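Notes follow the structure.
No value in this document is a laboratory result; all are computed from the given coordinates. Treat the numbers as computed from the prediction; the structure is a model and nothing was measured.
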Amino acid sequence: GRVKKDSNIHFIDSSILPFIPSGPITLTTVANGLRIVDEVTDVWIMKSKILVLGGTGLFGSLLHQSVEDNYRLDLLGTSTKTRYKLGEPIEPNLLNKIKESDIIIFASWDFRYQKKDYIEFHLNEYKKILKICKELDKNLIFISTYYASYKSKSVYNRAKAACEKISIENNYSS
């Protein structure tokens, strides 16, 4: 996906390349992720408070490693004190974190979800956050994949495409 107002930055993850053994591509993916995070962090205002939903995953850890101390970064996931997990209700503590933040990054995804409604599940979870961000007039960035497409054989890529469409329809970036 592209970062708002900068069409030259894209986010890519290696889960869309399942036919390549993890060993050879892991370092390339991590290096590329660090490069992307370095470029993206320059776009944001240094004093902005950034909330990353799904921040305990690969993207969140790369972002955390690359930002300087003057960034106010809050990473939330399934293992953090204020918990964020897809499929669970939005708790008051999480809502307060969103209210206190300037930029919300949606990087959350449930790769273990195996039900038939995979696309609908992820789309609805993203819509919950998008609705809150619109109501609170918050900046929202959806972390997608380069291969997001409705024509893809991958349900992951189709779900990402559906979320991108909702982002664009609501004037948010992906």
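Among the listed pairs LYS97/LYS138; LYS81/LYS165; LYS131/LYS151, give every one whose C-alpha distance is greater than 23 Å.
Values: LYS97/LYS138 12 Å; LYS81/LYS165 32 Å; LYS131/LYS151 27 Å.
Violating the 23 Å Cα-Cα cut-off are LYS81/LYS165; LYS131/LYS151.
Working out 0.36 nm times the residue gap between ASP110 and ASP137, then minus their Cα-Cα distance, what length gain in nm do you get to one decimal? Intermediate values should be presented prior to the final figure.
Numbers: separation 27, 0.36 × 27 = 9.72 nm, distance 2.64 nm.
7.1 nm is the gain from fully extending ASP110 to ASP137.
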